[in-house]
Amino acid sequence: MEIGSVSHEKAGCFTNGLMWFKSLPGKLFAKLVEIAKQTKKIGKDDPRRVIHSLKVGLALTLVSLFYYFQALYNNFGVSAMWAIMTVVVVFEFSVGATLGKGLNRGMATLLAGALGVGAHYLASATGKVAEPILLGLFVFLQAFTSTFIRFFPQVKARYDYGMLIFILTFCLVSISGFRVGEIVDMAHKRLSTILIGASVCVIVSIFVCPVWAGEDLHQLVAQNMEKLGKFLEGFGEEISKSTEGEESKDAKTYMAEYKGVLNSKNAEEILANFARWEPGHGQFKYRHPWKQYLKIGSLTRQCACRVDALNGYINSEIKAPEEIKEITTKMSIESGKALKELARSIKTMTSPLSANKHVSNAKTAAKNLKSLLISGFWEDINLLEVIPVAAVASILTDIVICVEEIAEAVNELASLAHFSSKDTKVDSSKESNIEATQSRKIHACSQHVVLTIQEGAQVQSSVQLTDQNMKL
């Protein structure tokens, strides 16, 4: 019996192994298909990633010429490998990150190399017995001091990589000098090759399809505000619906978009740090107020926290009186429009004049709501029905305050960055100058038409057609 059972187990193991071996080609093919799909998705999500990979290959090819050509190799020798190592560790996705790392590495190598040579000559002047003791003391002191300096927040944010290279280079130069005779020549070759590698990285990064961290930060802040604006407009539409339980087709879309705003702090800080290293480019001049973007981003996340709390009531059955429903709808929609206008003004770098009107409307609605709540309106209403309505009203009031603070921050950015005074940018085919003497509004049933003419001023008009409204 035991012999038969053992034979049966061996046969079962052999069968399982054979089946696994037969299924191996299919599994490998499925894995390759999955990798191909993932590769396509990564390239499609951001085509700049493909270009960045090509740029890294180009930079490495250029610095590898130090090994391919004998004339260049004779000048630098084995130290030419430092140029290749520099390209590998310095080349980053954006210009700011590459420039920051390159400058950090170059300056740290220069300073540490000079101090290392000085430490070597100072230690060698004391004699063979005391030389290793002094070198060890110098290495300990600089490592202790440099490592402690790395804990300073300002240094950690911008110069952490440079401090690491400083520690490494000082140790290499000072300790190598104990065994190598031509220490100055060695330090010179390493510094030269590192500077050459960093220069190649910076040149390729700037002049071959550059990726600017400042532009990414600019767009990220505007997109986050736009996401919150879409949510608030959608929430206002949900409140205004007369039929209970009716859901918008696009509800899931704007409900999911705003959540990314809550986790954007780290990305904004990294982009702002890289943007400070970048030279002036396009509409972003030298010393552009990048810190103001961090302030706007912080206020936007505070608003997103209120929006997240508001999201919990989007599917609740709120039985609000028509007066409350009308006011809360206006607060939500006007706040959303204000955020979208502020986002548009940042994207186009124009003064956010049109957003002020929506902020004012939202503040007026909030004051009306407060007046309604203290007027004894709730006397004949069931308290259990009042609680959800009061919670939504309280959150919307906080959101209006947040939107007002965001508008002030954007106006400050417009002043610091010298945004254009034009409130809108339109195609040349649609531009026209209108001499105005009065203001009037025209309303239609199926389409909402607004014609605004400012007295005594020459303004530009723009036409925007949507399914619900048309503005002229």
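A short reminder: the numbers here are calculations on the coordinates, not readings from a lab. These figures come from a predicted structure and were not determined experimentally. Using ideal geometry, Cβ is built from the backbone for each residue, glycine included, and neighbour counts are taken over all protein chains shown.
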Checklist outcome for this item: Quick calc, residue 391 & residue 38: beta-carbon distance into FRET formula, R0 41 Å, rounding 0.05, result 0.45
Checklist entry - Does region 51-207 classify as rounded, prolate or oblate by the C-alpha gyration tensor (a ≥ b ≥ c root eigenvalues; a/c under 1.5 gives rounded; else a/b over b/c gives prolate, otherwise oblate)? => result oblate
Checklist entry - Going 7 Å from the Cα of residue 285 toward and past its Cβ, which residues in region 199-229 have a backbone nitrogen under 14 Å from where you end up? => result none
Checklist outcome for this item: Taking 89, 410 and counting other beta carbon atoms within 10 angstrom, the fewest-first order is 89, 410
Checklist entry - What is the sum of charges around residue 228, taking Lys and Arg as +1, Asp and Glu as -1, for the other residues whose C-beta is under 11 Å from the C-beta of residue 228? => result +2
